[in-house]
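The values are calculated or read from the model by the stated rules, or taken from the named source; none is laboratory data. Keep in mind the model is a prediction, meaning the values are calculated, not measured. Cβ placement follows ideal geometry from the backbone for every residue including glycine, while neighbour counts extend to all protein chains displayed.
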Amino acid sequence: MPEKYTKIKKIYEGKAKKLYTLKGHRGLLLQEFKDDATAFNALKKGKIQNKGIINCELTAFIFTYLAKKGVKNHFVKQINENEMLIKQLKIVPIEVVIRNIAAGSLLKKTKFKEGHELSKPIVEFYYKDDSLGDPMISDSHALAMKIATEKDLKTLKQMAEKINSLLKPFFRKRELKLVDFKLEFGKDSTGKIMLGDEITPDTCRLWDVKTNKKLDKDRFRFDLGGVNEAYAEVRKRILGK
Ligand code: TMP
Ligand code: ASP
């Protein structure tokens, strides 16, 4: 008999996901992925066909892979097409962005042209706060706001670099270039930092290896067309369906 999970209370609703507590499962949460898509701090709103299902399946697959490679993360198991069980973490309010190829907001901070291969990955921190529009911050900002310790920041950087070194070849094998991506972390009940959130075409820039065609949320952000098809293509290349 498959185990039954009864939602008790919605404790969070973000732009792409909802979190619920569960009856009889303390320490675990149900993470539901939505088809809703937003960009530019929700100034642009829309829906992407089957995104909830695709992003749930992709996150389940990628987090399972990362766990096998020693990256502790919040994924427990997928329980429905767009729902997964996760460990409850205390989220560190820092978004960690890793860049391998120049694109997106890096083009406004540097003179790199889009597509320039960086000689070394760039790691950036953003303060996760919608009212401020998630501004980029330095280590000293994070320390001053007491949102992380020096040790936490070191761990975030090390984990982000390790995840990047695992995911670059992971995507490459599937004919995708991992241009850049965003990670979120949290602490478990013992204070240990783990990877949380999701890894999907919403949170990664993925380009076709041969043509550099964008196969990610940039198609939605910048009205490039073929949004649903891009998500379906990434699903096919990674999950084979
Ligand atoms: P950026 O170039 O706009 O700073 O984005 C860097 C990466 O982070 C890109 O892969 C998309 C991802 N990202 C998110 O996941 N959420 C966000 O809110 C933003 C702005 C970017
Ligand atoms: N998810 C973000 C928002 O709506 C931005 C993005 O992914 O571009 O603000």
Query raised in the report: Tally time: how many residues in the stretch 135-168 are within 20 Å of the chain's Cα centre (by Cα), within 20 Å of G191 (Cα to Cα) and of a type in the set (S, T, Y)?
Result: 1
Report summary line: For D197, the lone unmet condition from (1) acidic (D, E); (2) surrounded by fewer than 20 Cβ atoms within 10 Å (Cβ to Cβ); (3) touching a strand residue (DSSP E or B) at 6+ places or on another chain (Cβ under 8 Å) is (2)
Query raised in the report: With L167, L118, L85 as the choices, which residue is assigned to a helix (DSSP H, G or I) and surrounded by 14 or more Cβ atoms within 10 Å (Cβ to Cβ)?
Result: L167
Query - Residues satisfying the stated conditions in the stretch 134-151, i.e. in a loop (DSSP other than H, G, I, E, B) and either farther than 19 Å from I193 by Cβ or of a type outside the set (D, E, K, R) (or both) - result: D134, P135, S138, M145, I147, A148, T149
Query - Complete set of residues in the stretch 178-206 that are closer than 18 Å to I48 by Cβ and more than 11 Å from the chain's Cα centre (by Cα) - result: L206
Report summary line: Conditions (1) over 17 Å from the mean Cα position of the chain (by Cα); (2) under 26 Å from K18 (Cβ atoms); (3) within 15 Å of ligand 1 (Cβ to nearest atom) -> F222 fails only (2)
Query - Scan of the stretch 90-127 for residues that are touching a Pro at 6+ places or on another chain (Cβ under 6 Å) and either near ligand 1 (Cβ under 9 Å from one of its atoms) or farther than 28 Å from G191 by Cα (or both), ordered by number - result: I98, N100
Query raised in the report: Pairs, please: C-beta under 8 Å, at least 6 apart or cross-chain, first residue within 16 Å of ligand 2 (Cβ to nearest atom) and modelled with pLDDT under 95 and in the stretch 169-188, second assigned to a strand (DSSP E or B) and not polar (S, T, N, Q)?
Result: none
Report summary line: Picked from the stretch 202-226 (must be outside any loop (DSSP other than H, G, I, E, B) and either within 16 Å of ligand 2 (Cβ to nearest atom) or in contact with a helix residue (DSSP H, G or I) (Cβ under 7 Å, 6 or more places away or on another chain) (or both)), the residue nearest to P169 (Cα to Cα) is L206
**Report entry** Failed item in (1) touching a helix residue (DSSP H, G or I) at 6+ places or on another chain (Cβ under 8 Å); (2) more than 16 Å from ligand 1 (Cβ to nearest atom); (3) small (G, A, S), with A230 passing the rest
**Finding:** (2)
